[in-house]
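The values are calculated or read from the model by the stated rules, or taken from the named source; none is laboratory data. All values reported here derive from a predicted model rather than from experimental measurement. Counting neighbours? That spans all protein chains shown, and the Cβs are built from the backbone with ideal geometry, glycine included. In case anyone asks, the SASA skips ligands and DNA or RNA and just uses the protein heavy atoms, side chains included. Shrake-Rupley method; radii C 1.70, N 1.55, O 1.52, S 1.80 Å.
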Amino acid sequence: MPRAIRRATAGVATLAAAGLIAVTAPTALAAPSPTLAAPDIPLANVKAHLTQFQSIATANGGNRAHGRPGYKASIDYAKAKLDAAGFTTTVQQFTSSGATGYNLIADWPGGDPNKVLMAGAHLDSVTSGPGINDNGSGSAGVLETALAVSRAQLQPTKHLRFAWWGAEELGLIGSKYYVNNLPATERSKVSGYLNFDMIGSPNPGYFVYDDDPTIEKTFKDFYAGLNVPTEIETEGDGRSDHASFKNVGIPVGGLFTGASRTKSSAQAQKWGGTAGQAFDRCYHSSCDTTANINDTALDRNSDAIAHAVWTLGTETPVPPGDSYENTTDVAIPDNGAAVTSTVNVTGRTGNAPATLKADVDIRHTWRGDVVVDLLAPDGTAYRLKNSSSNDSADNVIATYTVNASSEAANGAWKLRVQDVAAQDTGYINSWKLTF
Ligand code: DTR
Ligand code: CA
Ligand code: ZN
Ligand code: ZN
């Protein structure tokens, strides 16, 4: 579409369409839920756990694998620390490949028993080595965060549960056993599971799982605070224990510093390290020892675990009648496919109201290119804004009111945005549903 002149930046767009919606001036965004700041996790403490795991492997045939003595010794080490720190621990047994496996579960007394935040890591190594990065690093980071909760005598809003899984290397066996044996009533109380598998790779990348947007944002905000760029973890779903939880609909997230894939030049530019070399050259090898750790990555990621536990564990719950928001930017392809941004609505009863409010904030030059729909969890589309060949103002910052009374309130609501004309681009800045 020819564009003769620059357009003035628009103020609030007030658009109305007959029938479905009415538009009112946007309300002030609700203040974020107050949370407590996490403590620094001492790197030396995390490394002391790795030293213990290394000693255990050395004393037990060089590994900490499922069914081998080194694994149970690792469980016993972590359990002793947690018992001494005041956790309620449980060792869950299972059998895999003819050997007894163990999960270690540690509950921090207190918090809302109906809102359980979990953080976990697999504790087993492969048989070929001590598994210090894979996954002593995640196990030690989660253990030291749990001990920090005890040192702080934290009184979180949510109930905190930490877990160390057995037989992940055999196919997520321990975490699958845990989830499959968790009664449905208990499963529904788990508000999120955070997974940490390889968080100290010697040639590290900083990868964030992009499964649940709220959890993803929690980690991305932490790294933004360090001015450390992150990338989305793309080694594919199902590669670690978070898959066991995601498969039953529990929101998941986590961090990863890379395994056998090679670091690109662009990644070396942003993170340092060596381009053309694997993130962890000792992945699943006998050289995965305490020498196979990048201290900076281990330190940052251990602090990130604490940040996520404190942030997600202590935020005041959103009372009914409040809003559900997604502030993750989503780029809108010029004259291309539609994109979506999701808010997961949970804990409500019945249907949405006849006056469901959608606050939309889309930054886009020549907003006439843009079509905006609200998608209910069952996929029903409600048109919020049509394209227009003569609306040359910028940005769509508006509140739409939708009669969604025929829609179930709980579920994944999506804002769908499409740019239907060439030139001029933009992105979804944020959007919010208020019931
Ligand atoms: N499967 C994990 C290592 C691994 C490979 N890709 C990812 C992605 C996200 C987490 C972990 C991994 C293991 O060998 O334990
Ligand atoms: Ca630290
Ligand atoms: Zn592994
Ligand atoms: Zn692993």
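Just a few scattered comments:
- What the chain shows is 40 Å² of accessible area per residue, with the surface traced by a 1.4 Å probe over protein heavy atoms.
- Helical segments meeting 20 Å axial Cα length and Kyte-Doolittle 0.0 threshold in the chain (DSSP H): 43-59, 138-152
- Over the range 25-149, the reciprocal of the mean inverse Cα-Cα separation, the Kirkwood hydrodynamic radius, stands at 16.1 Å.
- Where the alpha-carbon atoms of the range 32-86 are placed on the principal axes, they occupy 50, 22, 21 Å, in descending order.
- Of every Cα-Cα pair in the range 280-380, the percent that sits beyond 15 Å: 78 percent
- Between Ala44 and Thr185, the contour length at 0.36 nm per residue exceeds the alpha carbon distance by 46.8 nm.
- Proportion of all alpha-carbon pairs of the chain beyond 43 Å (%): 21 percent
- Net charge contributed by nearby residues that have their C-beta within less than 10 Å of Thr340 (K/R +1, D/E -1): +1
- Relative contact order %, the chain, counting alpha carbon pairs below 8 Å whose residues are six or more apart: 19 percent
- Computed about the Cα centre, the dipole magnitude for the range 141-207 is approximately 340 debye when only Lys and Arg (+1) and Asp and Glu (-1) carry charge, each at its Cβ.
- Rounded percent of accessible protein surface that carbon and sulfur make up, the chain, 1.4 Å probe: 51 percent
- Cα pair distances in the range 238-297, grouped into 5 Å bins until the bin that holds the longest one, percent each: 4, 15, 20, 19, 16, 14, 9, 2
- Dimensions of the range 361-419 along the principal axes, based on C-alpha atoms and rounded to the nearest Å, stand at 36, 17, 16, largest first.
- Alpha carbon Rg of the range 157-248, scaled by the compact-globule rule 2.2 N^0.38 Å: 1.17
- In a fully extended conformation the segment linking Thr346 and Thr380 would gain 10.4 nm over its present Cα-Cα distance, using 0.36 nm per residue.
- Counted over the chain, the DSSP beta bridges are approximately 75% antiparallel.
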